[in-house]
Amino acid sequence: MRKTPLVLLAIITAVATACSGGDSDTETAATSTTPPATGPATTTGESSITPAQRDCGAAYLAQFTPRQKLAQLLTVGITGGADAMETVTSEQVGGVFVGGWTDKSLLTNGQLPQIQQTAIVPLMVTIDEEGGRVSRVADLIGAVPSARVTAQTMTPEEFYQASLVRNRALKNLGVTVDFAPDVDVSSQPDDSVIGDRSFSDDPDVVTRYADAYIRAMNEVGVGSVMKHFPGHGSGSGDSHTGAVRTPPLDQLQTSDLVPFRNLIGSGAAVMVGHLDVPGLTAPNVPASISPAAMSLLRNGSGYGAAPFDGPIFTDDLSGMAAITSRLGIEAAVEAALVAGADNALWISTDAVSSVLDQLENAVASGRLPAAQVDASVLRNGKYKGAARC
C-alpha cells in the first residue's frame, strides 16, 4: 500500500536524530588507496575550515540561483543527447545517467562536449559499468568478467592494471562517474540480485579488490561510487521488485559494513540502497530515505569508521519498487535529501521540473534547510572537481 508523503515525512522527522549500532571489533584493513587531488573531499571539521575556504565555497555557491542549487543535487537518466541538452539547459541538473535505454551515440558523436558547455559547472556523466552482467558500454569498450570471476582469476594488482585501461576508455567516452565498485559481501547465487556482482563472501577480499578498482579510478580521474550502503549482499530479495530486509545492524558490523569501514577514506562516493535494516531504519523507511542510515554513514562512529564528508548518492528512486511502492518521485527525492543524501538519482527526466518545484517548497517551509542544500552542493562540486576549496 502506498504511504502518503506526509506520513513518511513524519516518520522521517521522528527518527532524524536516531542512529543505532555499536563499534565493531573488526580491525580496519590497511589499503594503499589515495584520493585524487581533484576528487572527493576528505573529512573536514567545521573548526578546521579556513576563511579562504569559506570564501571559496561562497563564491562557488554564488554561481547558482536557489533553484539551480537544488538542481545540482539531481542526477537523472537520459534517453540521448537531445534529452540531456534540454534538461541541462532548462534546469541545470548536476548529473545525467547513461542507462541501458540511452542512445549511446551520445558518447561517440561529440554531443557531450556541447552539453557540457551549457552547464554552469561541469556536469556529472554517470553510468553503471561494473563489468559482467552490469555493463552499459561493453559494445564500445569491451566486455569483462563479473566481480566474482575477477576475484577468482586475477590478483588485486592485475585487476588494478586492467581497471586503469578500462576506465581510461570510459573517460575517453566522456563518462565522469562510474557507480562502481559494488562492495556488497555476498555468497548468493550468481544470478541473484547481487550474486556475481560481489567480489566475494569474504569482506577482506571485497576490500582488496574494491581498493584496486578505486585506486585505478582515482589515477584515471573518474569518480567511483561504493554501493549499496549499508550492505545488500545478504538482503532478503531484489529492491527492483519489492522491499528488501537485511540482517540486523549488529550482524552487518562484521561482514557487510567492513568494506565501507575500510575504504571510507579512499576518495570514493557512497550509494545508499533501498534497504530495511533492523536496528537502524524505522519501519517502512528504507536506508535511502532514512536519517538514521545517513547519520551512520556521515558520522562513522556507529560502525567503527571515520566520518564521511564525500557525496552520498541514492540508488534509483523511480524504477525500484522498494521505494516506488512507498513514495512518488517528488516525495522520494525530498525525503532522501531531507534525510541527508547529497545526490538523488532516478532514471528519467520527465519529473525534473516537478521535483524542483517540490524541493523549492521544502526549502521555503524549512523542511529542507538551505544550509544543508549548500553543504550538499559543495560536496558534489568538490567531488567532480568543480569546487576546489
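The values are calculated or read from the model by the stated rules, or taken from the named source; none is laboratory data. Note that this is a predicted model, so its numbers are computed, not measured. Cβ sites come from the backbone with ideal geometry, for glycine too, and all protein chains shown count toward neighbours.
Somewhere in region 68-81, is a residue touching a residue at least 60 places away in the same chain (Cβ under 8 Å), in a helix (DSSP H, G or I) and more than 18 Å from ALA351 (Cβ to Cβ)?
yes
So which residues in region 235-284 are modelled with pLDDT under 95, surrounded by 20 or more Cβ atoms within 10 Å (Cβ to Cβ) and among the small types (Gly, Ala, Ser), if there are any at all?
GLY235, SER239
Could you list all residues from region 336-345 that are part of a loop (DSSP other than H, G, I, E, B) and hydrophobic (A, V, I, L, M, F, W, C)?
ALA341
Could you check VAL333 against (1) part of a loop (DSSP other than H, G, I, E, B); (2) buried (at least 24 other Cβ atoms within 10 Å of the Cβ) and say which number it fails?
(1)
In the list ARG168, ARG208, which residue meets the criterion of being charged (D, E, K, R), in contact (Cβ under 8 Å) with a residue 24 or more places away in the chain and over 30 Å from ARG245 (Cα atoms)?
Values: ARG208 fails: over 30 Å from ARG245 (Cα atoms).
The match here is ARG168.
Rundown of residues vs (1) touching a helix residue (DSSP H, G or I) at 6+ places or on another chain (Cβ under 7 Å); (2) under 25 Å from GLY273 (Cα atoms); (3) not hydroxyl-bearing (Ser, Thr, Tyr), yes/no style:
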residue: GLY142; (1), (2), (3): no, no, yes
residue: ALA169; (1), (2), (3): yes, no, yes
residue: THR176; (1), (2), (3): no, yes, no
residue: VAL183; (1), (2), (3): yes, yes, yes
residue: ASP190; (1), (2), (3): yes, yes, yes
residue: THR207; (1), (2), (3): yes, yes, no
residue: ASN218; (1), (2), (3): no, yes, yes
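This table checks each residue for (1) surrounded by fewer than 19 Cβ atoms within 10 Å (Cβ to Cβ); (2) farther than 23 Å from GLY221 by Cα; (3) within 23 Å of the chain's Cα centre (by Cα); (4) modelled with pLDDT under 50.
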| position | (1), (2), (3), (4) |
| --- | --- |
| ASP25 | yes, yes, no, yes |
| ALA29 | yes, yes, yes, yes |
| SER48 | yes, yes, no, no |
| PRO51 | yes, yes, no, no |
| TYR60 | no, no, yes, no |
| ILE115 | no, no, yes, no |
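If you check SER105 against the conditions, is it surrounded by fewer than 14 Cβ atoms within 10 Å (Cβ to Cβ), among the hydroxyl-bearing types (Ser, Thr, Tyr), in contact with a Gly (Cβ under 9 Å, 6 or more places away or on another chain) and over 30 Å from SER198 (Cβ atoms)? Give the derivation first.
On the way: surrounded by fewer than 14 Cβ atoms within 10 Å (Cβ to Cβ): yes; among the hydroxyl-bearing types (Ser, Thr, Tyr): yes; in contact with a Gly (Cβ under 9 Å, 6 or more places away or on another chain): yes; over 30 Å from SER198 (Cβ atoms): yes.
So SER105 passes the test.
From (1) at pLDDT 95 or above; (2) farther than 12 Å from VAL352 by Cβ; (3) outside any loop (DSSP other than H, G, I, E, B); (4) not small (Gly, Ala, Ser), pick out the condition that doesn't hold for PHE64.
Result: PHE64 fails condition (3) only.
Name the residue that is farthest from the chain's Cα centre (by Cα), counting only residues in region 254-300 that are closer than 27 Å to ALA216 by Cα and of a type in the set (Val, Ile, Thr).
Among those residues, the one meeting the criterion is THR254.
Restricting region 344-367 to residues that are within 12 Å of ALA331 (Cα to Cα), out of contact with any Ser or Thr (no Cβ under 9 Å at 6 or more places or on another chain) and not hydroxyl-bearing (Ser, Thr, Tyr), which is surrounded by the most Cβ atoms within 10 Å (Cβ to Cβ)?
Filtering first and then ranking leaves VAL355.
Which ones in region 162-182 are more than 20 Å from PHE97 (Cβ to Cβ) and surrounded by 24 or more Cβ atoms within 10 Å (Cβ to Cβ)?
From region 162-182, those more than 20 Å from PHE97 (Cβ to Cβ) are 162-165, 168; that's our starting set.
Hit for region 162-182 is SER163, nothing else.
Name the helices (runs of 4 or more DSSP H) wholly inside region 237-330 in which the number of residues that are in contact (Cβ under 8 Å) with a residue 12 or more places away in the chain, hydrophobic (A, V, I, L, M, F, W, C) and over 30 Å from ALA71 (Cβ atoms) is 2 or more.
249-252
I'd like to check something: does region 357-379 contain any residue that is under 19 Å from the mean Cα position of the chain (by Cα), in a loop (DSSP other than H, G, I, E, B) and under 16 Å from MET271 (Cα atoms)?
no
State the number of residues belonging to region 139-160 that are farther than 16 Å from ASP204 by Cα and without any contact (Cβ under 8 Å) to a residue 40 or more places away in the chain.
9
On the basis of being at pLDDT below 95 and at positive phi, does GLY132 make the cut?
When the stated conditions are applied, GLY132 does not pass them.
Among the residues of region 91-113, count how many are more than 24 Å from ALA138 (Cα to Cα) and either without any contact (Cβ under 8 Å) to a residue 40 or more places away in the chain or in contact with a Pro (Cβ under 7 Å, 6 or more places away or on another chain) (or both).
Our first condition is that a residue be more than 24 Å from ALA138 (Cα to Cα); within region 91-113, this holds for 91-94.
From what is left, the residues that are either without any contact (Cβ under 8 Å) to a residue 40 or more places away in the chain or in contact with a Pro (Cβ under 7 Å, 6 or more places away or on another chain) (or both) are 92.
Within region 91-113, residues that are more than 24 Å from ALA138 (Cα to Cα) and either without any contact (Cβ under 8 Å) to a residue 40 or more places away in the chain or in contact with a Pro (Cβ under 7 Å, 6 or more places away or on another chain) (or both) number 1.
Say whether the condition of being in contact with an Asp or Glu (Cβ under 7 Å, 6 or more places away or on another chain) and closer than 20 Å to PRO286 by Cβ is met by at least one residue in region 329-346.
yes
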